[in-house]
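Accompanying notes for the structure given below.
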Amino acid sequence: MERLFYFFYQYRAFFTFLALELFAAWLIVQNNQYQSTKFFNSSNKYAANIISTTQGIKEYFSLRNINAELAEENAQLRTKLEQRNQSLYTLEVREIEDEEIINRFSYVSAKVINNSVERFKNYITIDKGSQDGIKPGMAVISSAGAVGKVKSVSEHYSVLISLLNTDEYTSSVIKRTNHFGSVNWDGRDPLYSQLNFIPRHANPVVGDSVVTSGFNAVFPEGVLVGIIEEVSLGPEAQFYDLKVKLAQDFYKLAFVEVVKSNLLVEKDSLEQKTIGEPK
């Protein structure tokens, strides 16, 4: 502290000169309209730049929370949209009020914390688990389209089977023709998959949309899986070879929504009672 006082004492003439210069500049600005206008315009410009930069930094560091909030909002909106669609179906076709039908699906948003695309059997880890109502077998989608389904669950985390898994088959239909088959990844390009079991009389074309069929009561009907990009058919082949560009780019996957199928247990129970256990 003594050295600081000594420093100011040693350069007291300079500091006195500096103070007088600042005082003189202040007098000029205060008593001259032109100088006053220029000073305040310049100071406002620099202040605005500083505030803008500061706000940009704050917004950058808050993006994580913003994205999480948007994902949660999307899940809520998707649930309401599903309820609205089911309500319209109930009023127009069934003409009854059935809350269980209307609320057939609900959605839970989650953040992807681990994801692989380079293996033959790829998995995804999310930050929601059993305490959020997640169970094995539930479908998982994103804002772009189908993602996969839940494989295993702990209290706070879940591991998903990605569509980029050679063991995963997703029941799907060609939206234009309504012919159904199964989407299965061939283990090659993570941007593309294959649509199998489309018969030769179906006449698929490049650009056709492939969506979930809804037959298994896991995925909601009509979730986009991808777009047909290549069509080929051998002379004696019974089924087309269809290359599908996946709607979801798994390299960019950040947030997902887990689909709770509230009528799945009832459907499976009835099928087992009627048909028997699958062999």
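Readers should treat all values here as calculations from the given coordinates under stated rules, not as data from a laboratory. From a predicted model like this one, the values you see are computed outputs, not experimental measurements. Here Cβ is always computed from backbone atoms with ideal geometry, including for glycine, and neighbour counts include all displayed protein chains.
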Exercise. Compute the length gained on full extension between Val205 and Leu18: take 0.36 nm times their separation in residues and subtract their Cα-Cα distance, giving the result in nm to one decimal.
Key: 59.3 nm
Self-check item: Local electrostatic count at Asp208 - Lys and Arg +1, Asp and Glu -1, tallied over other residues with Cβ under 9 Å
Solution: +2
Exercise. Return, ordered by residue number, the residues of the stretch 179-209 whose backbone nitrogen is under 13 Å from a label point located 7 Å along Cα→Cβ of Gln238.
Key: 197-201
Exercise. With label points built 7 Å along Cα→Cβ from the Cα atoms of Leu4 and Glu155, find their separation and express it in nm.
Key: 5.1 nm
Quiz item: Tally Lys and Arg at +1 and Asp and Glu at -1 over the other residues with C-beta under 15 Å from the C-beta of Lys151: what net charge comes out?
Solution: +3
Practice problem: Just add up the charged neighbours of Glu168: K/R +1, D/E -1, any other residue whose Cβ is under 14 Å from the Cβ of Glu168. | Solution: +2
Quiz item: Quick one: if the Förster radius is 35 Å, what FRET efficiency do Ser116 and Asn262 give, using the C-beta to C-beta distance and rounding to 0.05?
Solution: 0.70
Quiz prompt | Packing-based order for 172-183, 110-121, 194-205, using average beta carbon neighbours within 10 Å, highest first | solution = 172-183, 194-205, 110-121
